[in-house]
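The structure under discussion appears below in the form of structure tokens.
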Amino acid sequence: MSYCNNCGSKIPDGTKFCSNCGADSGVTDQPAQAQPQQAYTAPQQYSGPYQQPAHVQPIKGAHLARKTPILGLILSWFVLMGSGQMYAGKVGRGFAFMGGLMATGVIMGILIFVTFDPFIALYALPVIFGIQIWCVVDAYKQVQNYNRFIDTHGRAPTSGDNW
């Protein structure tokens with residue numbers, strides 16, 4: 001008499017398949033050994049107060065979406081001056097930068113029309129470039145301030161908050 005390698009049941013000699021599980025008999029002379037089971041041990045109970053480790057403490061406002069400072073920078077440089085400030089939630093500040101850009105353009109147009117000197121625009125270009133750099137840096141910092149406000153207050157800033 002032999003034993004099945006798959007289920008361990010007895011199979012007659014010369015039988016190709018096990019009558020219990022249908023597996024190829026792979027005839028052996030020893031029954032399959034059952035794996036010893038581990039004894040269950042209950043988890044230890046901790047009687048002291050529960051305190052989460054410092055590195056696992058939830059961050060205040062972690063569920064809120066943060067904004068990317070680089071995106072604010074890119075918006076102000078490549079899209080339109082002031083759009084980075086609007087992205088950061090400072091809509092009025094963004095419109096102020098846009099208004100400054102438009103006012104500079106109108107003043108340049110008036111000066112060119114009055115003086116008939118198209119090269120006067122060359123004098124204004126460093127001023128415009130300086131305002132552009134100021135706008136880009138300000139947009140980057142405003143997005144950082146937005147994220148810092150979320151970290152400290154646990155909520156997104158509103159128009160009534162001084163941030």
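For V106, the conditions (1) farther than 22 Å from I74 by Cα; (2) modelled with pLDDT under 85; (3) among the aliphatic types (A, V, I, L, M) are fulfilled apart from (2). In region 120-132 there is no residue matching the filter, namely being outside any helix (DSSP H, G or I) and out of contact with any Phe, Trp or Tyr (no Cβ under 9 Å at 6 or more places or on another chain).
Selection of region 52-95 for residues being at pLDDT below 60 and either under 19 Å from W134 (Cβ atoms) or of a type in the set (S, T, N, Q) (or both) yields Q52, Q57. Among the candidates F116, F95, F129, F149, the residue that is in contact with a Lys or Arg (Cβ under 9 Å, 6 or more places away or on another chain), free of Cβ contacts under 8 Å to residues at least 60 places away in the same chain and not hydroxyl-bearing (S, T, Y) is uniquely F149. Using the structure shown, decide if D161 is surrounded by 14 or more Cβ atoms within 10 Å (Cβ to Cβ) and charged (D, E, K, R). The answer is no for D161.
The values are calculated or read from the model by the stated rules, or taken from the named source; none is laboratory data. Since the structure is predicted, the reported quantities are computational estimates derived from the model, not experimental observations. Cβ coordinates were reconstructed from backbone atoms using ideal geometry, including for glycine residues, and neighbour counts include every protein chain displayed.
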